[in-house]
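Note sheet for the following structure.
The values are calculated or read from the model by the stated rules, or taken from the named source; none is laboratory data. Every value quoted in this text rests on a predicted model; they were computed, and no experiment measured them. When we count neighbours, we look across all protein chains shown, and the Cβ atoms used for this are built from the backbone with ideal geometry, even at glycine.
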Ligand SMILES: Nc1nc2c(ncn2[C@@H]2O[C@H](COP(=O)(O)OP(=O)(O)OP(=O)(O)O)[C@@H](O)[C@H]2O)c(=O)[nH]1
Ligand SMILES: [Mg+2]
């Protein structure tokens, strides 16, 4: 049997940021023209976007691994690398995005509604952008950050006003095909419908959508037939229509017991009790069907149902049905507080005011001081550990943020192990406190003495002050990266 695809696990990878470039401008007679390494481009995001022309998640079932493109590295001559392209994945209206633990991340309703499932990595700054008065010729650049890797689960919950439920072959798809322009597959074998069909119906000034779901059989709640899985498509519908077959050839069935069985399955599924329901007796073009319909009508009405007799094939009673449903939909809409807005759940990351935390922990059996925080972790990812100057720059940034002070307060001593980053993906190093921490020490990093020229004392003093100001400004600027 074909698989019913309305739930898929999707593995998405955003693009990596391109590395920054470390380059020095070269020209004839001007051997040291200054740093001119460009910034790396941003990695592309992976974005889920509702596209109403998409109706199933089948594509993602067939190819569940998707990746956006990487940012290009920066180049010499101040050329920035190109940004990676966002990967936009179209999903059906009513797609719910969950994490693997089942938490809802986003509920995508309405054409164009989007959710960034994986964020592209930032590009690294090139050495031109890292240069400053006090670091005239940085011999390093920042690395691009890796893009997010995410595993998400997509679940389709069809959004329609009216849902048709009933036994296989009761004529649900046939009804959709004659009430709307939709052309679902119709056949005289059970379980013809494997994905919900959606149609648009116009009744006077009311325009509504109607969906069917695969046929239900007794024991569906225990997984018989196609089970109850697909009933999630009914969850968002405001009106339920029981499509009852008056012309079935199965001797043990009749419209009343069919209705009882379907109702029992709906009850097992749960959460649908408050939906208004009407009953449609289908196939009254068949003489025996017409007789049976007449026979059961009083019983159904006694149970409080509005009952309509129709024939999808002979086009009997369709207009009445169209308007009856339009009325109920209009009432249901009026009763609803207001159109439910798309619910995108954003989980803020918990980081304390300082932007980082320090804790004593064990890492691979050794005691470490663990530093956690968005910035320190990002800065570590941006650092080329093969380049001493880059490592020095990292130390400066951490210092500025106050990590060193905090380590000192927590009792860290020279030579203690410090781990920065998440659980098993941390960078561990022996801590070497820079006793002379501060602008003076920072100022020496990345300086190229070949740039130093002769300056009178007053000029030097003024330059010194300018450097300090710049250091302050730069920290504020680059803190953001
Ligand atoms: N005589 C008659 N036959 C009908 C009528 N409506 C549907 N049928 C037939 O019943 C069979 C099943 O119709 P479908 O519309 O595929 O039934 P369904 O409820 O969608 O079935 P599943 O998708 O399997 O759940 C087809 O052979 C239809 O031609 C009707 O009003 N009169
Ligand atoms: Mg069908």
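Points to keep in mind about this one:
- The single residue among 306, 370, 360, 333 that is closer than 30 Å to residue 103 by Cα and modelled with pLDDT of 90 or more turns out to be 370.
- Tally of residues being in contact with a helix residue (DSSP H, G or I) (Cβ under 9 Å, 6 or more places away or on another chain) and in a loop (DSSP other than H, G, I, E, B) across segment 123-132: 1
- Only one of the listed residues (290, 283) is in contact with a helix residue (DSSP H, G or I) (Cβ under 7 Å, 6 or more places away or on another chain), over 21 Å from residue 239 (Cβ atoms) and in contact (Cβ under 8 Å) with a residue 40 or more places away in the chain. That residue is 283.
- Residue within segment 286-297 that is within 11 Å of ligand 1 (Cβ to nearest atom) and not in a helix (DSSP H, G or I) present: yes
- Restricting attention to segment 118-153, the residues that are under 12 Å from the mean Cα position of the chain (by Cα) and buried (at least 24 other Cβ atoms within 10 Å of the Cβ) total 1.
- Of all residues making up segment 241-252, the number that are in contact with a strand residue (DSSP E or B) (Cβ under 9 Å, 6 or more places away or on another chain) and either more than 16 Å from ligand 2 (Cβ to nearest atom) or outside any strand (DSSP E or B) (or both): 2
- Qualifying strands (runs of 3 or more DSSP E) (wholly inside segment 1-110; at least 1 residues being touching a helix residue (DSSP H, G or I) at 6+ places or on another chain (Cβ under 6 Å), crowded, with 24+ Cβ neighbours inside 10 Å and without any contact (Cβ under 8 Å) to a residue 40 or more places away in the chain): none
- Pair list, Cβ under 8 Å, 6 or more apart: segment 237-249 residue free of Cβ contacts under 8 Å to residues at least 40 places away in the same chain, other residue within 16 Å of ligand 2 (Cβ to nearest atom) and assigned to a strand (DSSP E or B): none
- For segment 167-187, the condition holds for no residue, the condition being that it is on the phi > 0 side of the Ramachandran plot and within 32 Å of the chain's Cα centre (by Cα).
- Within segment 253-271, considering residues that are touching a residue at least 40 places away in the same chain (Cβ under 8 Å) and outside any helix (DSSP H, G or I), the one nearest to ligand 1 (Cβ to nearest atom): 253
- Segment 169-199, residues that are over 20 Å from residue 159 (Cβ atoms) and near ligand 1 (Cβ under 6 Å from one of its atoms): 169, 170, 171, 174, 186, 187, 188, 190, 191, 192
- Residue in segment 415-422 that is at pLDDT below 85 and either more than 23 Å from residue 139 (Cα to Cα) or under 34 Å from the mean Cα position of the chain (by Cα) (or both) present: yes
- The combined condition, being touching a strand residue (DSSP E or B) at 6+ places or on another chain (Cβ under 7 Å) and farther than 17 Å from residue 165 by Cβ, is not fulfilled by residue 306.
- All conditions in (1) assigned to a loop (DSSP other than H, G, I, E, B); (2) under 30 Å from residue 316 (Cα atoms) hold for residue 120, with the sole exception of (2).
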